[in-house]
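Presented below is the structure to which this report refers.
The values are calculated or read from the model by the stated rules, or taken from the named source; none is laboratory data. Note that the coordinates shown come from a computational prediction; the quantities given were computed from them, not determined experimentally. Positions of Cβ are backbone-derived with ideal geometry, glycine not excepted, and every protein chain shown enters the neighbour counts. The protein model used for the area step is the full one, side chains on, heavy atoms only, and it has no ligands, DNA or RNA in it. Shrake-Rupley method; radii C 1.70, N 1.55, O 1.52, S 1.80 Å.
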Amino acid sequence: MPASKNNLEQENTKLKRAIAELTYERDKYKKIFDASADAYSVIDLSSGKFIECNQAAIDMHGVNSMGNFLNLSPADLSPELQPCGNRSDVLAKAHINCAIEQGFHSFKWIHSRLDGTTFNCLVSLTGLFIEGSQLILAVGRDISDIEIAQKQISTEASEKQRFKQAFLGEKEKFEKFVDLAPVGIAINSISDGSFEFVNEEFGRITGYSVDELNQMDYWQLTPEKYEKREHEQLELLAKYGQYGPYQKEYIHKNGNVYPVLLSGIKITDSKGETFIWSVVQDIAHQKQSEQQIKTAKEKVDSFALRMQLANDSAGIGVWELDLKTEKLVWDSWMYKLYGISELEFSCTYQAWLDRIHVDDVEHNERMLDEAINGVGIYDPEFRVVHPDGNIRTIKASAEILRDSHGVAIKVVGVNYDVTEKVDAIRKLFDAKLAAENAAQSKSDFLANMSHEIRTPMNAILGGLQLLKNINLPEELRAVLKNASYSGQSLLTIINDILDYSKIESNQLQLEKASFSLTEVLNCNRRLNHT
């Protein structure tokens, strides 16, 4: 009995110790369960209800108390639909089944609070089978702040990468720009003038390679006569941080001296070292072009002077009409030709038409329109009326200027006074008409006289013809014959005078008739003998 009692006490002691250990473990895990910052909850799958939760779960879901939480089901803590578009209750069952099959399953989930707001949560499900009940331990962690932070980190990383790429891109573009720039670019140490960097164009300008220049300083390129001016530019650089534009000369590698134009700024790097950044232009061609332009300008000025002298001596006015604005530009001779001053003329197309004689406006406009439309030339002659009433005759000529599409844009022309010429032509015409009238009067007179003389001459010839039938002595017959020939010759002369009148009046008609040359010669011989 004592031994049995002793064994019983030992078993009881072991049992108490085991219960104490279990209680300790339970309390330990209970405290961990309750104190965890993550939301712990236990779901009984048979009822679909929560049977246990910690304070973090209550706080995370915005529930008032544990009693209220345990009256909820998981569906009460999720929105109807998850972001994937599936219903929360259907998707939750799939996750639970996965946890039961695998023992553990984690996933991201959108939970909701009782006030309707939602938040991102990382959920871990563990399947438990305790005392015949299928339970699910759910651990939830609100990762809204983490995701926001991750998004910010991702955004910042993206921005950093974007800025880095932009910087590298701009750096690459800048380097290409410097290397391919059509002007020389050089960076020199401000202390000794040594070259720290030069681009390809600077090497082309100086004749040296980039490697050669990197072993030189700008004093080796500068003639000695510029030493004083160089120090003046350095003083400007020190005082204002920049110098130029500054013209000087460089010594080419081949020994030739040529003009350059420099501008520069002072820069300081991150180490505190100071450099001169200069832009250098070879202006030898520019100087040559300037000289060519100067020579050309002198030629143009000389030509313009000769043209002006020619215009002044001939009294030729030059004008230009802008067809878009209808604005007129006149030289000084145009105002003289129209008898007005610059103040009296508004320099418009209509103002010009108003100076033209009203009877000549339509013809002038028609010729100008035809020239602009490319179906005629503009070379009219018209009258202009001076303010004092004096009327002068103007001769005009013009060329149409067109753009690359053939559209007329300007008219450039000349005017000159032809009043004296027109008056002279008119006087010559009147004199010609008077001469023609006098000639016609003379012809009419000769024709009348020829008719008047021919009538009695025909009577004389008729009488002589009758005398031929009378028996006359031989001497009288010879006289009669000579008289007949003489009368006939006189009649021929009269007819010739009449023909002359017809020639002057363009009315002569040639006739074909047979004649005896011998008889004509004999007749002339007799007439001469007589």
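Details
- No other residue among Ala37, Ala75, Ala56 is within 23 Å of Asp145 (Cα to Cα), open to solvent by 60 Å² or more (accessible area, probe 1.4 Å) and not hydroxyl-bearing (Ser, Thr, Tyr) apart from Ala37.
- Any hit, the stretch 373-390, residues being open to solvent by 30 Å² or more (accessible area, probe 1.4 Å), in contact (Cβ under 8 Å) with a residue 40 or more places away in the chain and in contact with a Leu (Cβ under 9 Å, 6 or more places away or on another chain): no
- Any pair with Cβ under 7 angstrom, 6 or more apart, that starts in the stretch 339-364 at a residue that is under 16 Å from Gly389 (Cα atoms) and ends at one that is open to solvent by less than 70 Å² (accessible area, probe 1.4 Å) and part of a loop (DSSP other than H, G, I, E, B): Gly339/His386; Gly339/Asn390
- Lone unmet requirement of (1) among the aromatic types (Phe, Trp, Tyr); (2) open to solvent by 50 Å² or more (accessible area, probe 1.4 Å); (3) at pLDDT 75 or above for Trp319: (2)
- Taken over the stretch 273-288, residues that are assigned to a helix (DSSP H, G or I) and open to solvent by 70 Å² or more (accessible area, probe 1.4 Å) amount to 4.
- Note on the stretch 391-421: residues that are of a type in the set (A, V, I, L, M) and open to solvent by less than 40 Å² (accessible area, probe 1.4 Å) amount to 7.
- Some residue of the stretch 364-378 being in contact with a Gly (Cβ under 9 Å, 6 or more places away or on another chain) and among the acidic types (Asp, Glu): yes
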